[in-house]
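See structure below.
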Amino acid sequence: MDFLKRDIKTIKVSLLIIVAVVVLFVLRLFSFIFIPFFLALFIAILLLPILDWFERKKIPNWLGIIIIVVASTLFIWLNVIVLQKTSVELYQSKDVILAEANQKINPLLIKTQHFLGIDSVSEANSNTIDFKALAEKNSGKLLSRLGLFITSLFMTLFFLALFLTGAHLFEVFLNRVSNNDEDSIQVFREIKDSLNGFIKVKFITSLLTGIGFGLVVMFFGVKFALFWGLMAFLLNFIQLIGSYFITGVLLLFGFVEIHSPGTFIVFGGLLVALQMTIGGILEPIFMGKSFHVNTITVLISLAVWGFIFGIAGLVLAIPITVFLKIILERIPATQYLAKLLSRVE
């Protein structure tokens, strides 16, 4: 009898693994649909309080949705304009920037090379790394993805309008389907409130990071302050690695742009202090203990969802993990899995 129970348990685990693999494969195969879908879903959750405010002010639901979609489109369009203008300026001044990069970075690389005892390929090539060729080689890939980005953008706005249109009716629909089951309604409200809180906190901390980085860059006279602030805002949505990545890139760019070593140290110190204060202190305080997942879970979720959805998966990884964690906490048989995802306090 014990052998039979053990075999049944093994079969269940095997089937669960197979189903999980199939689901992940389907998500990756149809990622061009699921990426806009999930992005629109989480944006809709973030915007639900605004719809509720419109309702309290007696503004019709259809008008509120139009206002939100138009405002979202304008916000995205302004970001695209900033990126487009910065790209043009970067291209126009690429020779100067790349020359400065070669002048300041290559001597350090050569010293490191000699320190490690690595022989140069040739004396002519040992003192120069062609950053210009490297930049031009990858520019074509960025342009080829522009059409996909625009398509995904319109699909996201379309799904967003659908979600916002039916948002106020979802609880009514859930009541009918679950026969007024209070547990189901409570789970839905808990998921909605938790994700809403998570996304709001992430938006506020990302906004603070973007403003702080932009002001520091502007104060020290480093080029493209608005662009770097925007990139800091966007990349901070990638949990754990986004803010570190933009800090590293800015430190490298500041090293090229700032000629005084003392000034560069102050510049780098302010960036690191901002990143640690907002990401390491304020964000955990605002998040509270309810959303916390441990670092290993964050890394695994970033790897899995990044593999499935690419860059969008890095943004969606933690909201999806929070959603799964809440579901697992509500099911007695999977509560131990939720504990594995949680941070030890």
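Quick notes on this structure:
- Pairwise FRET efficiency - THR165 versus LEU215, Cβ, R0 = 30 Å, nearest 0.05: 0.15
- With a Förster radius of 22 Å applied to the C-beta separation of ILE50 and THR73, the computed FRET efficiency comes to 0.90.
- Counting only Cα atoms, the size of the range 266-341 along its three principal axes is 53, 29, 16 Å, in decreasing order.
- Amide H within-cut-off set for SER342, under 5 Å, with H built and near neighbours excluded: ASN294
- Projecting label points 7 angstrom from Cα along Cα→Cβ for VAL272 and ILE8 puts them 5.9 nm apart.
- Long pairs among LYS192/LYS325; LYS200/LYS339; LYS85/LYS223, criterion Cα-Cα beyond 20 Å: LYS200/LYS339
- Over the range 1-100: Rg over Rh, Cα atoms, Kirkwood Rh: 1.30
- Simple label model, 7 Å out from Cα along Cβ direction - ILE311 to LYS57, nm: 3.4 nm
- 15 Å reach of a label modelled at ILE150, 7 Å along Cα-to-Cβ, counting backbone N of the range 79-115: 80-81, 84
- FRET efficiency for the HIS259 to ARG189 pair, using the beta carbon distance and R₀ = 56 Å, is estimated at 0.50.
Rule-based calculations on the coordinates, nothing more; no lab input. This structure is a prediction, so every number in the text was calculated from the model and none was measured. Note that we place each Cβ from the backbone using ideal geometry, even for glycine, and neighbour counts take in every protein chain shown.
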